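Read through the structure below, which is laid out as structure tokens, and then see the notes.
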Amino acid sequence: MEKTDLSGPWRIWVSPERKIVSFHQEAGFQKLEFRTRELFLRCVDRYAGEQYRYQ
């Protein structure tokens with residue numbers, strides 16, 4: 001079984017104008033980088049609560 005690296009950093013790219021969050025680099029999106037998994041997951045939850053679309 002393949003092990004997942006949970007040491008970070010974790011990154012997402014966000015387009016507030018289009019309300020989209022991407023887990024891959026996207027042109028015109030703002031990059032957010034997190035050093036802790038807890039903060040990353042809190043941010044993902046916040047965007048989900050604001051009805052951002054994930055891709």
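The values are calculated or read from the model by the stated rules, or taken from the named source; none is laboratory data. Fair warning: this is a prediction, and the values are worked out from it, not measured in the lab. Counting neighbours? That spans all protein chains shown, and the Cβs are built from the backbone with ideal geometry, glycine included. To get the accessible areas, we keep the full protein, side chains included, count just its heavy atoms, and leave off ligands, DNA and RNA. Shrake-Rupley method; radii C 1.70, N 1.55, O 1.52, S 1.80 Å.
Before moving on, here are some points about what is shown:
- Loop-located GluC sites (Glu not before Pro) in segment 6-55 (DSSP state not H, G, I, E or B) with no more than 11 neighbouring Cβ atoms inside 10 Å: Glu17, Glu50.
- Accessible surface, per residue, of the chain when the full set of protein chains is kept, probe 1.4 Å, Å²: 81 Å²
- Within the chain, the longest segment free of exposed loop sites, counting trypsin sites (Lys or Arg not before Pro) that fall outside DSSP classes H, G, I, E and B and have at most 15 other Cβ atoms within 10 Å, spans 36-55.
- Extending 7 Å from the Cα toward the beta-carbon at both Ile20 and Leu32 defines two label points whose distance is 1.7 nm.
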